[in-house]
């Protein structure tokens, strides 16, 4: 027997849940309406201010004396700084200091410093980026603290700002983090170093490379490409003979251009790791001559497609080999894979 | 008998609550990630600087009888904003002039490429390079279906990441940059899915969505609300737990070496894309490797939703069959444990695979009780009201997330239309789709082979 109250209970539960769901829906709809109204008002306000700000920023970049910036209220500050960063990001070398002067002249650098302490992520990130662009030394300690934090987005933004303020000092301070912090993507680090330019980056990179950390050396070797090649190449090539990490060897092989490194390259071309063999094949193509023919023909029969591909490319660019000799090698290849790959490399040659 | 009826009633009640609370919880999980993303957006306004470390991507387009559209689709892909990518069109044994259209548009020439056959696929007839675009190649092969064509594309691809996409998809210019971001930020990433939005009603020019608007067709409108609820934010919710099981076949990026290790796309299944993601989870968990599957919520990919009932029905039956096959073939995910094994997999089995059957059974059961006089009209109406109100709450919660994040529909009237659609959706559309999904489930249970075009 079912207790008499059972159906009622079920009905009560259903009705209560329905009422609760409808009430929550109405609440969410009201929130949507409120958010939309707030956004509309914000966009309207911004739509009125942004054209004037843009005009001032463009004037400040070209005729700084004529630029007059109306006072910026606390509410508008993040939006104005966001716009300033956007304009600054595409400014020329001449214009950038003038834009920085506009902020300093109106005390906005001090207000950006105070914004660093904000808890809201958006304004905080804008403040960090602004202070980096301004190369604001007074923000150094605060930015260093932020860069040591766990969150990848804010910590990396702070690291980027530090690098902009003083690349050498920042690389000394952040060196271990650059090597270890996998949540700081190489692509993003690379874009910052690229932005700073090889002249600024090279001394600090050399210091970092000289420290030769046990962990993360591979990351440093990869970043070395943003330094001046003539200065970093000897250091990186030196690791060819002293490192056993395949990824470090692969990165080092990219710096091989001279015949004196060929003994290491030949050893790499016989490495167990296919990535090392592939990089070895590429290096043989750059630095070798017809003396490397036998080794490259061996690599042309490698079980890994990519090794065969780069061996074929290396053969085609190898100094001293004529077109006829290459065709003869292709026709004489007993391995079908090797012949196909050489045919492809020969066909690709005029396309470059 | 009464106890049994009461138990069944409670079961259905509980099912409806859980079936809606689950996606609500996913929306809640997605919310912090969306808010964080919105906060970071000001920095994305700054001009992008490419470092040279961005992994190059092979875009794979499987084309079968696409004579009229393929050239335009490829042209818009070639205009994507990304440092290094190649486009590989796989002409999957088209019977029409697809290959001729490509040859004419892109000055193709046969090329003696040493084909690397890492994955099984139907024989390749000829490989073509484009004389006008150095990063375009065409693989002409025997017909084998979409999964087979993608495997052939993987074989021909040269880059470490590949992007599987639908030739009908419209991608935003920054789509590749956005969907590759997880690979830069997290070296353990093996796959990332892009959000697929509905293009009906939008203005597309030069291969780009230039104006977002709501469609006039009610069926397309219903699918917009449905997609917001079922995939856009739910995907992000699952991603916060590294438990994404579905990446749309229209736009997803994968690490090639991992996919090759897992065996590539499975042919002869209606849901090869989902099956691949499920298999990646299964294989990588079995190996005990750290990996992650991400979901990018930004609106990067747009497709036309069907506007006829027949096309929609065929699509939903196919999706359901694909889902069931993918789950069935990768049962071992459950044994692998973790969030994906003990939460996502059972959730998909209960609520996505068998859910439509339970839902329809509940309606039928309650109606039968009412018709036979075992319950009065009040509990029956209360049950229907509960199903409606929970569904509506879920739809409204996704509209709130949309408001917090992307604002694709900025006008008040558009929100009004979406809210009205969210109400209407519960009055027949959801039940109709559930019925089609049950048909898909039945076809799968009966072992009907899925067409894989």
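The values are calculated or read from the model by the stated rules, or taken from the named source; none is laboratory data. These figures come from a predicted structure and were not determined experimentally. We place every Cβ from the backbone using ideal geometry, glycine too, and count neighbours over all the protein chains shown.
Computed values, structure above
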item: Yes/no for residue B:219 being more than 14 Å from every other protein chain (Cβ to nearest Cβ), within 25 Å of residue B:312 (Cβ to Cβ) and at pLDDT 95 or above; result: yes
item: Selection within segment B:6-34 - at the interface with chain A (Cβ under 8 Å from one of its Cβ atoms) and farther than 17 Å from residue B:384 by Cβ; result: B:6
item: Positions within segment A:130-145 being assigned to a helix (DSSP H, G or I) and in contact with a helix residue (DSSP H, G or I) (Cβ under 7 Å, 6 or more places away or on another chain), in sequence order; result: A:130, A:131, A:132, A:133, A:134, A:137, A:138, A:139, A:140, A:143, A:144
item: Unmet requirement for residue B:167, which otherwise passes all of (1) outside any loop (DSSP other than H, G, I, E, B); (2) more than 14 Å from chain A (Cβ to nearest Cβ); (3) touching a strand residue (DSSP E or B) at 6+ places or on another chain (Cβ under 8 Å); result: (1)
item: Any hit, segment B:423-437, residues being over 30 Å from residue B:146 (Cβ atoms), within 10 Å of chain A (Cβ to nearest Cβ) and surrounded by 15 or more Cβ atoms within 10 Å (Cβ to Cβ); result: yes
item: Segment A:164-183, subset within 13 Å of chain B (Cβ to nearest Cβ) and touching a helix residue (DSSP H, G or I) at 6+ places or on another chain (Cβ under 6 Å), residue farthest from residue A:222 (Cα to Cα); result: A:164
item: Candidates A:37, A:22 - the one that is out of contact with any strand residue (DSSP E or B) (no Cβ under 9 Å at 6 or more places or on another chain), surrounded by 13 or more Cβ atoms within 10 Å (Cβ to Cβ) and under 25 Å from residue B:423 (Cβ atoms); result: A:22
item: Hits in segment A:194-219 (condition: in contact with a helix residue (DSSP H, G or I) (Cβ under 7 Å, 6 or more places away or on another chain) and at positive phi); result: A:216
item: Candidates B:100, B:39, filtered to the one that is surrounded by fewer than 19 Cβ atoms within 10 Å (Cβ to Cβ), in a helix (DSSP H, G or I) and at pLDDT 95 or above; result: B:100
item: Output for segment B:180-191, where each listed residue is within 14 Å of chain A (Cβ to nearest Cβ) and touching a residue at least 24 places away in the same chain (Cβ under 8 Å); result: B:180, B:181, B:182, B:183, B:184, B:186, B:188, B:189
item: Only listed residue being buried (at least 16 other Cβ atoms within 10 Å of the Cβ) and modelled with pLDDT under 95, chosen from A:43, A:57; result: A:57
item: Pick from segment B:402-413, criterion at the interface with chain A (Cβ under 10 Å from one of its Cβ atoms) and part of a helix (DSSP H, G or I), ranking: farthest from residue B:197 (Cα to Cα); result: B:412
item: Residue match in segment B:44-58 (condition: at pLDDT below 95, at negative phi, in a helix (DSSP H, G or I) and crowded, with 16+ Cβ neighbours inside 10 Å); result: no
item: Conditions (1) within 9 Å of chain B (Cβ to nearest Cβ); (2) under 21 Å from residue A:129 (Cα atoms); number of the one not met by residue A:24; result: (2)
item: Count of segment B:156-169 residues which are more than 16 Å from residue B:85 (Cα to Cα) and surrounded by 22 or more Cβ atoms within 10 Å (Cβ to Cβ); result: 1
item: Single unsatisfied condition, residue A:187 versus (1) assigned to a helix (DSSP H, G or I); (2) under 23 Å from residue B:39 (Cβ atoms); (3) away from chain B (no Cβ under 13 Å); (4) without any contact (Cβ under 8 Å) to a residue 24 or more places away in the chain; result: (3)
item: Residue count, segment A:190-221 (criterion: closer than 20 Å to residue A:144 by Cβ, away from chain B (no Cβ under 14 Å) and outside any helix (DSSP H, G or I)); result: 1
item: Pair list, Cβ under 8 Å, 6 or more apart: segment B:302-314 residue surrounded by fewer than 17 Cβ atoms within 10 Å (Cβ to Cβ), other residue part of a strand (DSSP E or B) and at pLDDT below 95; result: B:304/B:198
item: Selection status of residue B:72, away from chain A (no Cβ under 13 Å), touching a residue at least 24 places away in the same chain (Cβ under 8 Å) and either surrounded by fewer than 19 Cβ atoms within 10 Å (Cβ to Cβ) or in a strand (DSSP E or B) (or both); result: yes
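Conditions tested, residue by residue: (1) at pLDDT 90 or above; (2) within 14 Å of chain B (Cβ to nearest Cβ); (3) outside any loop (DSSP other than H, G, I, E, B).
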position: A:70; (1), (2), (3): no, no, no
position: A:81; (1), (2), (3): yes, yes, yes
position: A:84; (1), (2), (3): yes, yes, yes
position: A:88; (1), (2), (3): yes, yes, yes
position: A:91; (1), (2), (3): no, yes, no
position: A:100; (1), (2), (3): yes, no, yes
position: A:112; (1), (2), (3): yes, yes, yes
position: A:122; (1), (2), (3): no, yes, yes
position: A:128; (1), (2), (3): yes, yes, yes
